[in-house]
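The values are calculated or read from the model by the stated rules, or taken from the named source; none is laboratory data. Note that the structure is a prediction, hence the values are computed from the model and not measured. As a convention, Cβ positions derive from the backbone with ideal geometry for all residues, glycine included, and neighbour counts pool all protein chains shown.
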Amino acid sequence: MKIVITDHRFKDVEVERRAVEAAGGQLTVGEATVELQAAELCKDADGVLTARAPITRRVIEAMKRCRIIVRYGIGVETVDIPAATERGIMVANVPDYCLEEVSDHALALLLMLSRQMIPSMTLAREEKWPIAKMPVLHRVRGQCCGLVGCGQIGSLLARKLTALGMRIMVYDPYLDENRCREIGAELVSFDRVLTESDFISLHAPLNQWTRHLLGQQAFAKMKRTAFVVNTARGGLIDEAALLTALNEGTIAGAGLDVVESETVVTPLRTALVTHPRMVVTAHTAWLSEEATAALQAKAVAQVIAGINGERPYGLMNLKQESSKSSG
């Protein structure tokens, strides 16, 4: 049994190494950043663990005996799931390792924006602290937060915001009204989230339907006093449109833990990170000692389970698994 780690951002992978060796296997660790490197690394793997490496159709077609691919994280947009399904390869994620961390981080960004922490910190560096320089502030209680996507993280955030006295609206095509009522939220259309929310927090997956979900038209419908929070995926926002909206005062500000270009510095990224109406963190919403330990252990356990013919709990290509079982 050969298991390959294409890339990772951990201090070490001793958790994975111990688990693989205990199962009688061999662990190979790489630093693939492009398709060709990933294909070479994975060609003779029985199982693959991956973070940011592009696991494209070409990479999957190069795999001679792979049975399962597990992504370190919740999103799986780096893996071509249809291509893997065609080859009978299971694809899994780790959907439950950082729920508290991300919902806490989204809440922190929202509160920083609400209390205008960046302008206040800038003001504190001056010799005098003229309050007249501060932007307008409103208390959180009584304001409305619209959640776009409301899975486990969105549901946790909804409960935390409700405890602060906020009104919660949710746009999620896969959520029913009963579940919405359970978390104290109102299920509404996307347009209502845009037009009525004082804060919009994004918790949707990134796919062909959600890419640039917030763009020029969406920003134009929002309140000029509204803020956007994104702890999901950078591609949910058209960043050029966001920069224009910030510069023109179409919206009040944004808090991002994710941007489209995280590995390469671009003029657009620099403009957003340094913008006076922005709070940007370095994709650390998921990060804690507890979450990291859970992520590594759960990811490698699923790879080993898949190779041994068991169904991983984070299986994404259910159709493939169903047809495999019925056969």
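Below is a table of values for the structure above.
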{"quantity": "Meets criteria (in the same structural domain as Lys11 (by TED's automatic domain parsing) and in a helix (DSSP H, G or I)) for Ala45", "calculated": "no"}
{"quantity": "Residues satisfying the stated conditions in segment 220-232, i.e. surrounded by fewer than 22 Cβ atoms within 10 Å (Cβ to Cβ) and over 12 Å from Arg277 (Cα atoms)", "calculated": "Ala220, Lys221, Lys223, Arg224"}
{"quantity": "Helices (runs of 4 or more DSSP H) (entirely within segment 67-181) containing at least 2 residues that are of a type in the set (A, V, I, L, M), modelled with pLDDT of 95 or more and within 21 Å of Thr210 (Cα to Cα)", "calculated": "81-86, 99-114, 152-163"}
{"quantity": "Sole residue being in contact with an Asp or Glu (Cβ under 8 Å, 6 or more places away or on another chain), of a type in the set (Gly, Ala, Ser) and buried (at least 20 other Cβ atoms within 10 Å of the Cβ), chosen from Ala53, Ala83", "calculated": "Ala53"}
{"quantity": "When residues of segment 65-80 are limited to those that are under 16 Å from Gly309 (Cα atoms) and touching a residue at least 60 places away in the same chain (Cβ under 8 Å), the one surrounded by the most Cβ atoms within 10 Å (Cβ to Cβ)", "calculated": "Val70"}
{"quantity": "Residue count for segment 141-159, restricted to those that are surrounded by fewer than 17 Cβ atoms within 10 Å (Cβ to Cβ) and more than 15 Å from the chain's Cα centre (by Cα)", "calculated": "3"}
{"quantity": "Yes/no for Ala106 being crowded, with 21+ Cβ neighbours inside 10 Å and either closer than 23 Å to Leu315 by Cα or in the same structural domain as Ala294 (by TED's automatic domain parsing) (or both)", "calculated": "no"}
{"quantity": "Evaluation of Glu31 against (1) in a loop (DSSP other than H, G, I, E, B); (2) out of contact with any Lys or Arg (no Cβ under 8 Å at 6 or more places or on another chain); (3) crowded, with 17+ Cβ neighbours inside 10 Å (one fails), failing number", "calculated": "(3)"}
{"quantity": "In segment 182-208, residue modelled with the highest pLDDT [restricted to those that are within 20 Å of the chain's Cα centre (by Cα) and small (Gly, Ala, Ser)]", "calculated": "Ser201"}
